[in-house]
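Read-outs throughout are calculated quantities, based only on the coordinates presented, and are distinct from any laboratory measurement. None of these values were measured; they are calculated from a predicted model. Here the Cβ positions follow ideal geometry from the backbone for every residue, glycine too, while neighbour counts run over all protein chains shown.
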Amino acid sequence: MTSQLDPISVVTAADDNYAMPLAATVASLLNSLKKDERLDLYVIDGGISADSHYRLWRGWNDSRLNVHWLEPDLSLLDGMDVSGHVSQMTYARLLLPLLLPEHLERVIYLDSDLLVLRPIGELWSEPVEGVGCRACQDPAAPWIDSERVLANYDRCGPRLAGIRPVPNYRQFGMHPSEPYFNAGVMLVNLQYWRDNAITRKAITCLHANREHMLWWDQYALNVILYRHWRPLDMRWNQGAQIYRYPTYLDSPLDRETFRQLRRQPWIVHFSSHRKPWHSGYRHPYRRRFFQMVDRTQWRGWRPANDYPTIPQRIGNAYRSYRVWYRQRISPVEHKVKAALGLKKRAA
């Protein structure tokens, strides 16, 4: 058990491309921190430059904050699928039990592309005993098989980012009506991860299911922690997908949850491939993001050309196509190959 005098332990990860977003995320975290709360911040450093380190250090001059830098052994993640904005650091949260001090029994994991709007101590006080983590059901892919669960699937299905986020869920004995969580905000039970070898199992799962994998390590965590996690209030992780639903009737959410997520998020997660620091990005909390940037050593920074270029538009279209192909075409391909007895491609 923790007491009010104990520091709140938070871990995040970034490379140099995410140094400025990390600074904004931590600025929002400190802005929401209560005066009598203290924060132990662990940063998994995936290649932050000396200049960015100096800027971060200069901006984190707060007596309530104690920063610890962690250097991951990325060789443990050799062979993981990487492309575009996805690097080995995408998988860094799988290494938490190996990186964090053994005396830590729990930690809050936060992605480095979000805004904390509510005192993080309230999340820290949530119970985590008996499960691997507490996390939020993902409104972009709420169920293991949303097509089989949602009564309004015909209306909201085309707007989902993922219909079956674990495409081969039947192989694992997963029930279609079980919820699927987003791993960008988690209250992690580190002792459970150590006792149950979650890191090793997740890495093994990713290697063995490469052709089915969607959303990288989040796929593995949902498989390995199936029925061994508990949901948080979804306001702790408001994903960008919520703005793709015009009304709650077009969403996988009930009226009140939809209203709360749109109007009263506790953590805003810029979870799409487009981010506030990209030119042409539109999001209701983008201005708030730059207000936090202006509390850092990157104050005044804005995109040079704040509209999408033709290459960016082409890239956005290609990424949308990739998601569509994995969700709509790949499952059919797998069924056809299985019916024809064709062998899987070598990895």
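Brief remarks on what is shown
- Pairs of Cα atoms farther than 21 Å apart, region 218-286, %: 36 percent
- Convex hull volume per residue in cubic angstrom - Cα atoms of region 5-93: 97 Å³
- Cα point-scatterer Debye curve for region 108-203, base-10 log of I(q)/I(0) at q = 0.15 Å⁻¹: -0.76
- Farthest positive-ward along the chain dipole, Cα basis, beta-carbon charges - from W60, S75, L160: L160
- Based on Cα atoms of region 167-291, Rg over Rh with Rh as the Kirkwood radius reads 1.00.
- Helix-derived mean residue ellipticity, 222 nm - over the chain, DSSP H n ≥ 4, -39500 (n - 2.57), to 500: -8500 deg cm²/dmol
- Restricting attention to region 8-307, close to 45% of DSSP beta bridges with both partner residues there are antiparallel.
- Cβ-to-Cβ counts within 10 Å put R299, R262 in ascending order as R299, R262, the fewest first.
- Coupling constants for region 124-133 follow from the phi torsions by the Karplus curve (6.51 cos²θ - 1.76 cosθ + 1.60, θ = phi - 60°), and in residue order they are 4, 7, 5, x, 10, 4, x, 9, x, 6 Hz; glycine and proline get x.
- In this structure the amide hydrogen of Y42, modeled in the peptide plane, comes within under 5 Å of the amide hydrogens of V10, V11, T12, H68, none closer than 5 places in sequence on its chain.
- In order along region 166-177, the Karplus-derived 3J(HN,Hα) couplings, from 6.51 cos²θ - 1.76 cosθ + 1.60 at θ = phi - 60°, round to 10, x, 9, 4, 4, 4, 9, x, 7, 7, x, 8 Hz, and Gly and Pro are given as x.
- Across the chain, Cα-Cα pairs farther apart than 24 Å form 57% of the total.
- The H on the amide N of L232, modeled in the peptide plane, is under 5 Å from the matching H of A135, C136, Q137, each at least 5 residues off or on a different chain.
- Estimated vicinal HN-Hα couplings, Hz - region 222-227 in sequence order (Karplus 6.51, -1.76, 1.60; Gly, Pro = x): 5, 6, 5, 9, 3, 6
- Surrounding net charge for A23, when Lys and Arg each add one and Asp and Glu each subtract one, Cβ distance under 15 Å: -1
- About the centre of its Cα atoms, region 1-142 shows a dipole size close to 520 debye [charges on the beta carbon of Lys, Arg (+1) and Asp, Glu (-1) only; nearest 20 debye].
- For trypsin sites (Lys or Arg not before Pro), the sites in region 187-246 that DSSP calls loop and that have at most 12 other Cβ atoms within 10 Å are R227.
- Spin-label model distance (nm) - K34 vs R170, 7 Å beyond Cα toward Cβ: 5.0 nm
- Placing +1 on the Cβ of every Lys and Arg and -1 on the Cβ of every Asp and Glu, with nothing else charged, gives region 8-307 a dipole about its Cα centre of roughly 1060 debye.
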